[in-house]
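K.L.:
One structure is given below, represented as structure tokens, and several questions about it will come after.
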Ligand SMILES: [Mn+2]
């Protein structure tokens, strides 16, 4: 018999009972549904019992909750709209819109990003299959509405830092829905003064976003120059992942080099894979006296074929599945806040860009719930509250 033609030994057959898909189905049984049942009851109370001809008695006459997914008024995940922001400390997690796009340098429209994410979030439930987490059973969440931004970059930055500072110092975890990427600066400025130590930044993007000014203003090409001027946000703890292509301005590259930020390009991701890159990014972001890591997710870090709804689309970025994995690996170590920026619905197709923005936030949230990081056990260190950011 000719050895070169022998059939290789069959690999071990996979055990269906050890597949993650099967194990996740088992885990579902152990998730409580107390909040869900209470909520169904409440909906029938306030929405009135349904018509006699309807057999399912959880159906109300007026739609007042998750169902039908095509009905209702869309806050994020149809969560409670928290009108009185003074109550935000009663919640573990707040989704806050920042409708701001005058920092854009090409296509505008990200001021409608928060609305687009809220609208498409209606098709999600609060249960995440893979992790076996049902958010409503574990964390108190609200939609805090939007920051009042105006047609002036610097004054809007002040409004944004004030709002973010208020949410963060209340002990509530902020998900910040942009808006353009210039928001990275006022967002970090609202949080950094409340951190007892340094703050690291993991910045996922195709663009380097660290020049001082662009067309004489602090545009969306500039957030990290100004954020890393904050005394406890050192550039050595800024990690920029996914950078590359033809839209990386040389003035920004010069600053990144001078300040010694950590740059992991898409080629590096290709060479080393998501797990290794996540490990490196976490190590660099948390190095030294860092007590909190801020996560900045620019939707345009994903290949433009998946995210048409953005201002500076660039081919060759992450696949959605890759970036979701990266985000979850970062979230597993705990972050202090997350922003999703550059969703621009006017250029979107079937809401897919906004949908990925929502997905990114919810995957990060579910991961932190699964890890026991949320609900947060302690409030921010500084009680300085809404004007705490003025300390820097
Ligand atoms: Mn970008």
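K.L.:
So which of 29, 87 ends up being under 28 Å from residue 171 (Cα atoms) and modelled with pLDDT of 95 or more?
P.N.:
On the way: 29 fails: under 28 Å from residue 171 (Cα atoms).
That would be 87, the only listed residue that is under 28 Å from residue 171 (Cα atoms) and modelled with pLDDT of 95 or more.
K.L.:
Right, next: Sort out which residues of the stretch 256-275 are within 16 Å of the ligand (Cβ to nearest atom) and not in a loop (DSSP other than H, G, I, E, B), and write them in order of number.
P.N.:
Here is the first cut: in the stretch 256-275, the ones within 16 Å of the ligand (Cβ to nearest atom) are 256, 261, 263-266, 269.
Matches in the stretch 256-275: 256, 263, 264, 265, 266, 269.
K.L.:
Take residue 194 and decide whether it is under 25 Å from residue 167 (Cα atoms), touching a strand residue (DSSP E or B) at 6+ places or on another chain (Cβ under 8 Å) and surrounded by 20 or more Cβ atoms within 10 Å (Cβ to Cβ). Lay out the reasoning, then the answer.
P.N.:
Numbers: under 25 Å from residue 167 (Cα atoms): yes; touching a strand residue (DSSP E or B) at 6+ places or on another chain (Cβ under 8 Å): no; surrounded by 20 or more Cβ atoms within 10 Å (Cβ to Cβ): yes.
In short, no.
K.L.:
Here's another thing I want to ask about it. Provide a single number: the residues in the stretch 295-322 that are part of a helix (DSSP H, G or I), in contact with a strand residue (DSSP E or B) (Cβ under 8 Å, 6 or more places away or on another chain) and more than 13 Å from the ligand (Cβ to nearest atom). Show your work before the answer.
P.N.:
Restricting attention to the stretch 295-322, the residues satisfying the condition of being part of a helix (DSSP H, G or I) are 299-301, 320-322.
Now restrict to residues that are in contact with a strand residue (DSSP E or B) (Cβ under 8 Å, 6 or more places away or on another chain): 299, 301, 320.
Right, trim to more than 13 Å from the ligand (Cβ to nearest atom) and you get 320.
Number of matching residues: 1.
K.L.:
Is it the case that some residue within the stretch 222-241 is part of a strand (DSSP E or B), within 14 Å of the ligand (Cβ to nearest atom) and without any contact (Cβ under 8 Å) to a residue 60 or more places away in the chain?
P.N.:
yes
K.L.:
I would also like to ask the following. Any chance the stretch 276-284 includes a residue that's in the same structural domain as residue 315 (by TED's automatic domain parsing), touching a residue at least 12 places away in the same chain (Cβ under 8 Å), surrounded by fewer than 18 Cβ atoms within 10 Å (Cβ to Cβ) and not in a helix (DSSP H, G or I)?
P.N.:
Looking for residues that are in the same structural domain as residue 315 (by TED's automatic domain parsing), touching a residue at least 12 places away in the same chain (Cβ under 8 Å), surrounded by fewer than 18 Cβ atoms within 10 Å (Cβ to Cβ) and not in a helix (DSSP H, G or I), one finds none in the stretch 276-284, hence no.
K.L.:
Only residues in the stretch 305-317 that are without any contact (Cβ under 8 Å) to a residue 40 or more places away in the chain count as the first member; pair them with residues that are within 8 Å of the ligand (Cβ to nearest atom), Cβ under 7 angstrom, at least 6 apart or cross-chain, and list the lot.
P.N.:
Pairs that qualify, where the first residue is without any contact (Cβ under 8 Å) to a residue 40 or more places away in the chain and the partner is within 8 Å of the ligand (Cβ to nearest atom), are 313/300.
The values are calculated or read from the model by the stated rules, or taken from the named source; none is laboratory data. Since this is a predicted model, take the numbers as computed values, not measurements. Neighbour counts run over all protein chains shown; Cβ positions are idealised from the backbone, glycine included.
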